[in-house]
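The values are calculated or read from the model by the stated rules, or taken from the named source; none is laboratory data. Please read these numbers as outputs of a predicted model, since none were measured by experiment. All Cβ positions, even for glycine, are placed from backbone atoms using ideal geometry, and neighbour counts span all protein chains on display.
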Amino acid sequence: MNRLHLALILCPSVALVAQSPYRADLEAGHYLKAYAETKAALAQNPNDAAALAAESQALSSFQRFPEALSLAQKALALKPGDADALLARGLARAGTAVQARSFSSLGQIGDAMDDLESATAADSSLVTGWISLGLAYQQLPGILGGSTRKALACADSLRRVSAAKGDALQGMVLAMDGKWDQALPYFGRALDGAPGDAQVVAMYLQALDDKPARKALGDGPWTQKLQWEAERLLPSVKSKARGVEAAAECLLDAGRAEVAWKACADALPAVEAPSILRLELGKIAARSGLHRAEGLAYLDQVTSQPLEGGTGGYAAAWWRKGQILQALGRADEAKAAAQKALTYDPKHPGAKKLLESLG
């Protein structure tokens, strides 16, 4: 499971299961709100299994996986077989495995898959569960349980809960399988069915901004389509951080860094999760060399305040900060930033490379 897709999944019921009161906020990506509410609930009752599971899911979105796993385990001890707690443990295990980047993580991947399968079996209305499981099935090799057929079955199940998100998941699976032409109609239907849904828009734009789409379209047409689609969809998600972030990524990869910067800066005052766009602005500054002083100021905010998701989390924020500091000739500060990134993710390749370049 790559980091971009991990960031994504850490974004009417058909099952007669009592839903967690925090699920709607978690599925909408309102992680800080859910986190604050669970902390208040747990202050009143430390054994509230629903609050423990929800706090765990919020912590996974912050990429604080050891804490997330501990809370999920406690929730399951209090309420064995609970779908939200199983989902929480699956997300924490998956995040830990991705961050480990080693063969020792294979067992954690298998355990995460088991949890996600059990969670969706216990409650078939789990949107995050189906998306997480579907992407995992598609990305893992067969020897670890990967299967395009099973991934597409997850999309079918999700369609019964949310037609648009089921179509978007099917589009992602087909795109990752190298079938871009087959994926497009599903993305089109998803976007038509849920205009302005940030998760659907992000799923489409992330699939477009990936190697299979680039290979299918060819470099020139792909670059042009990245720009066109990002600019077309941006107005529909301009108040939703994850949608703006996905559009900015496409613009950045299309060579339109200044346009990406403006999109994020213009949206920043109105979005529900500004920390995500501050991180994206820092990334744009680090990659493009534009607006370095402003980008550094945004990253200073990100690294000193709660971060509500975003690709790479605090490790990425410190790494990008180090890159800008290096470009500004502030080598000692850049080295300290790279070292700080490695405290969050000891195997972060970008931070390790930056540290090596600084001697």
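Of note:
- Helices (runs of 4 or more DSSP H) wholly inside the stretch 130-222 that include at least 2 residues being among the aromatic types (Phe, Trp, Tyr) and at pLDDT 95 or above: 180-193
- Residues in the stretch 128-150 that are more than 27 Å from Tyr22 (Cβ to Cβ) and buried (at least 24 other Cβ atoms within 10 Å of the Cβ): Gln138 alone.
- Candidates Leu354, Leu307, filtered to the one that is farther than 22 Å from Ala28 by Cα and either of a type in the set (A, V, I, L, M) or outside any loop (DSSP other than H, G, I, E, B) (or both): Leu354
- Of the candidates Leu251, Leu234, Leu268, Leu217, the single residue that is among the hydrophobic types (A, V, I, L, M, F, W, C), touching a helix residue (DSSP H, G or I) at 6+ places or on another chain (Cβ under 9 Å) and crowded, with 24+ Cβ neighbours inside 10 Å is Leu251.
- Only one of the listed residues (Ala334, Ala293) is buried (at least 19 other Cβ atoms within 10 Å of the Cβ) and either in a helix (DSSP H, G or I) or in contact with a Lys or Arg (Cβ under 9 Å, 6 or more places away or on another chain) (or both). That residue is Ala334.
- Selection status of Leu279, at negative phi and within 20 Å of the chain's Cα centre (by Cα): yes
- Within the stretch 195-235, if we keep just the residues that are polar (S, T, N, Q) and more than 19 Å from Pro274 (Cβ to Cβ), the residue that is farthest from the chain's Cα centre (by Cα) turns out to be Gln224.
- Condition met for Asp266 (closer than 18 Å to Ala198 by Cα, modelled with pLDDT of 95 or more, out of contact with any Gly (no Cβ under 8 Å at 6 or more places or on another chain) and among the acidic types (Asp, Glu)): yes
- Members of the stretch 109-127 that are crowded, with 24+ Cβ neighbours inside 10 Å and assigned to a helix (DSSP H, G or I): Ala112, Asp115, Leu116, Ala119, Thr120
- Among the conditions (1) modelled with pLDDT of 95 or more; (2) surrounded by 24 or more Cβ atoms within 10 Å (Cβ to Cβ), Glu258 misses just one, which is (2).
- Residues of the stretch 310-331 satisfying the condition of being over 22 Å from the mean Cα position of the chain (by Cα), not hydrophobic (A, V, I, L, M, F, W, C) and not in a helix (DSSP H, G or I): Gly329, Arg330
- Candidate set: the stretch 307-350, residues that are among the aliphatic types (A, V, I, L, M) and within 30 Å of Ala198 (Cα to Cα); chosen: the one modelled with the lowest pLDDT: Leu307
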